[in-house]
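Okay, structure first, notes after.
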Amino acid sequence: MATAPKAHLGLFRTFDLLDELIKDYNKAMELLMADQESQFLRRVAVRNTFSFVEGVIQILKYEIKRKYRLEQPTYKLTPKEREIVYEEKISVGESNIPVFTPVDKGFFKVFKLADKILNERNAPFVIEKSEKGIIFSAKNTRNRLTHPRNYYDIEITDYEIYNMMLLFELTRSSFEFIFNPNASVRVLLTSTSNPF
């Protein structure tokens with residue numbers, strides 16, 4: 001029987017969040033591999049993939065803010081970068097205006113900022129054109145699923161599931177690169193065999 005979540009203590013618990021999102025993704029894929037024809041499980045896999053991606057983006061934003069709060073890095077955020085990290089635009093009035101950044105733009109900008117601020121390596125974080133294609137394609141699938149206009153919008157193809165697997169791996173490997181101070185080059189995502 002499910003219980004109500006415990007009240008949080010104001011802690012972000014970034015790596016607990018990461019662990020749970022990875023477990024959710026792995027379980028969704030495990031269930032899907034056992035019943036590959038299930039459209040319900042395909043939709044669950046898409047949703048879990050994007051929960052992981054968006055969770056990782058939030059973790060990186062948290063780590064950037066933490067670095068500024070505790071260490072005062074030499075790199076100064078531009079107003080646009082600050083909008084992305086803090087999700088608000090500084091207004092002239094009394095309150096700040098919330099800012100929404102689409103997941104693809106957030107992915108590109110937050111990973112590049114995190115690499116710049118959290119690491120001091122000479123090799124810049126670069127997302128290849130083929131990797132951008134994975135992100136855009138996966139985002140289109142997620143958007144179609146989230147805002148369906150007809151029956152076909154909720155059908156997920158083998159190719160789209162394969163793309164979700166690539167997006168998960170791209171996000172995971174990019175995250176590892178950011179937090180590995182010994183990495184001088186990010187391993188680029190190469191095409192792997194499609195399990196479908």
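What the table below lists for this structure:
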read-out	value
Listed peptides 80-88, 157-165, 107-115 by packing density, highest first (mean Cβ within 10 Å)	107-115, 157-165, 80-88
Cα Rg over Rh - region 14-178, Kirkwood	1.01
Long-range amide H partners of GLU88 with built H, under 5 Å	VAL99
Charge-dipole axis of region 14-178 as Lys and Arg at +1 and Asp and Glu at -1 on Cβ define it, positive-most pick from THR78, ILE156, LEU41	THR78
For region 141-183, fraction of C-alpha pairs farther apart than 11 Å, in %	69 percent
Fully extended contour minus Cα-Cα distance, from LYS67 to SER137, at 0.36 nm per residue	21.9 nm
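Bear in mind these aren't lab numbers, they're just calculated from the coordinates by the rules spelled out. From a predicted model like this one, the values you see are computed outputs, not experimental measurements. We place every Cβ from the backbone using ideal geometry, glycine too, and count neighbours over all the protein chains shown.
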